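No lab work stands behind these numbers, since they all come straight from the coordinates. It should be emphasised that the depicted structure is a prediction, and the values quoted were computed from it without experimental measurement. Counting neighbours? That spans all protein chains shown, and the Cβs are built from the backbone with ideal geometry, glycine included.
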Amino acid sequence: MKTRSFNEAVRHTPILHLEQMLAYFGPEKRLSNILPAHIARFFKSDELLKVSKTGKDRAPATILKTQRVLRMLLIWAVEQGWISTLPWPKGANKEPSAPKTGQLIESSHYVPSEAS
């Protein structure tokens with residue numbers, strides 16, 4: 001049995017989260033067509049909250065990681081100019097891994113960093 005190195009596992013994990021998002025949104029959904037309401041529905045969907053093979057609840061840490069990966073993808077898409085604003089739902093935490101902060105982000109508040 002081949003054992004993956006730590007670096008390979010770290011690189012592979014975001015791909016699993018992206019595949020989960022792709023399963024929900026579908027391959028035909030363009031990033032530019034994703035609205036905050038679509039993301040809010042994804043956050044409440046069985047695709048995010050349940051394990052597809054068993055139907056059991058996903059661990060809260062896994063859900064937060066998927067949300068974090070989605071947010072990083074969308075921020076990157078804004079920075080690349082693929083979308084003009086961050087379509088993050090109102091009331092969603094700015095940093096899903098730290099809900100106790102209470103900081104919120106609205107799509108109009110994200111301004112991509114300037115390229116050096």
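Quick look at the numbers
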read-out: Dipole in debye (nearest 20) - the range 6-83, about Cα centre, beta carbon charges: Lys, Arg +1; Asp, Glu -1; value: 200 debye
read-out: Cα-based convex hull, the range 6-83, per residue volume (Å³, whole number); value: 106 Å³
read-out: Long-range HN-HN contacts of Lys50 with modeled amide H, under 5 Å; value: Arg58
read-out: Neighbour-count ranking [beta-carbon atoms within 10 angstrom, fewest first] of Leu74, Leu35, Leu64, Leu18; value: Leu35, Leu18, Leu64, Leu74
read-out: Positive-end extreme of charge dipole, the range 6-83 - chosen from Val69, Thr54, Leu22 (charges on Cβ); value: Thr54
read-out: Length gained when the stretch Thr85-Lys56 is fully extended (0.36 nm per residue, less Cα-Cα span); value: 7.0 nm
